[in-house]
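Only the coordinates and a few stated rules stand behind these numbers; no lab work does. In this text the structure is predicted, and so the values were computed from the model without any measurement. We place every Cβ from the backbone using ideal geometry, glycine too, and count neighbours over all the protein chains shown.
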Amino acid sequence: MDDQTRCVTKSTVSFRGYESLTTPICRASTIRFPNAAAYGARHSRDVDGYIYGLYGTPTHRFLEKTLTDLEQGARTVLVPSGQAAIALPILALVPAGGKILLPDSVYPPVRDFAENELSALNVEVQFYDPTDLLDLQSRIDRTTDLVWIESPGSTTMEFQDVGEIARIAHANGALVGCDNSWATPLLFKPLQHGADIVVEALSKYISGHSDILMGSVTTSDEVLGQKIKAAAGRMGLGTSPDDCGLVLRGLETLYIRLEKSQASALKVARWIAAQAVTKQVLHPALPSCPGHALWKRDFSGASGVFSVLLEEAALPHLSHAFDVLESFSIGASWGGTKSLMVPMPVESDHRSKTWQGPDIVLRLSIGLEQTDVLTTDLARFFGELDQRMARGADAGLTSARLG
Ligand SMILES: *Cc1c(COP(=O)(O)O)cnc(C)c1O
């Protein structure tokens, strides 16, 4: 063969005896077909076969299969972000002019999506009280296509009764989807509690190192899964095999990372609860957390993400207190190895219907640092708050400006 052609020709190499412990990273846009007839029939092939890079390579199949097994579902579809994993099943399953019920505590970008894209499709969107089954019952009817669940709710940590909500939804002919990013399938399996669809923001705990954006949609039913997979293809939602390999690597330590974050977060939560300026710590393992009983009944543990409510008088000083943090980073996308803390606006996300607490809530994600390092940092933070409150030194920052 001439050199020019040799450069672009794949050599024949044996894989015999290559039994590695790792997942192969298979990159491809083009898939080669044995003949024209096979190419012509490519879309009627096995749904897990290989057609084109957009629909996945063996690396994708490894991740899909592992997630399907962990969720105890029938099929998993991978998409480029957790947000896409929520938007995709909604667009695939709720028709123009249809109806969807979202919990009032839903991840704020989902509210945005509903108020823009879904409104443009004339979809009726109603926000229900995440902890009030009677409120859900008063809004649901035979025209409802999908009931969405997020348990616990973003920032405000409402735990939802997935089993009861699924029963009510199914009695009305509606499907049930659940965002399980906080718990991961290791701590809660929504499909086992009646949900039809479970979504994970793989960007968070499952990849676990703050360097990946990906999401998964797993269905309890094969037909439903194929419907969502087909819609993902039509919308062009593909993921990189390199990223899938990194998620699979993250998955190998998920159990031990969660175990460690859980233990550290509980220590930190108890330490914060003992501070004078703390009004309430929303960590489900603390009996004072409203979701405690449901969490205890349904979940096998807590991840490292929780929220803190402070006395109103502390809120104007928050910005200065955040400035003294050294170990905690200020930033979004929790579930990594490094601890994060952010001031989250609640009312200005116009989520006030079911929220009686202060407008700004501290959102913490506890990583893998030594807990003493974290409580020392928090002592600086609370010390700064105390000092400024004692001085009555109002920096003139309103909580609204922080948001
Ligand atoms: C972060 C997050 C998402 C979205 O994940 P991305 O990969 O960042 O798009 C969805 N749901 C919840 C509960 C989240 O916290």
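Quick notes on this one:
- Max mean-square fluctuation residue, GNM over the chain, Cα-Cα springs under 10 Å, options C244, C289, C178: C289
- Each residue of region 177-190 is assigned a 3J(HN,Hα), and the resulting list reads x, 9, 7, 10, 5, 5, 8, 6, x, 6, 10, 7, 10, x Hz, derived from the Karplus form 6.51 cos²θ - 1.76 cosθ + 1.60 (θ = phi - 60°), x at Gly and Pro.
- DSSP bridge pairs, the chain: antiparallel proportion in percent, nearest 5: 60 percent
- For peptides 67-78, 51-62, 147-158, sequence by mean Cβ density within 10 Å, most packed first: 147-158, 67-78, 51-62
- Highest mobility in the GNM of the chain, judged by mean-square fluctuation with C-alpha springs under 10 Å and restricted to D298, D372, D243, is found for D372.
- Gaussian network model of the chain, springs between alpha carbon atoms under 10 Å - residue of P287, P241, P108 with greatest fluctuation: P287
- Positive dipole terminus of region 224-273, leading residue within Q262, L248, A232 (C-beta point charges): Q262
- Structure-based [θ]222 nm, the chain - -39500 (n - 2.57) summed over DSSP H runs of at least 4, per residue, nearest 500: -10500 deg cm²/dmol
- Ratio Rg/Rh [Cα only; Rh per Kirkwood] for the chain: 1.03
- A simple count of charges around L310, restricted to other residues whose Cβ falls under 14 Å of its Cβ and scoring Lys, Arg +1 and Asp, Glu -1, yields -2.
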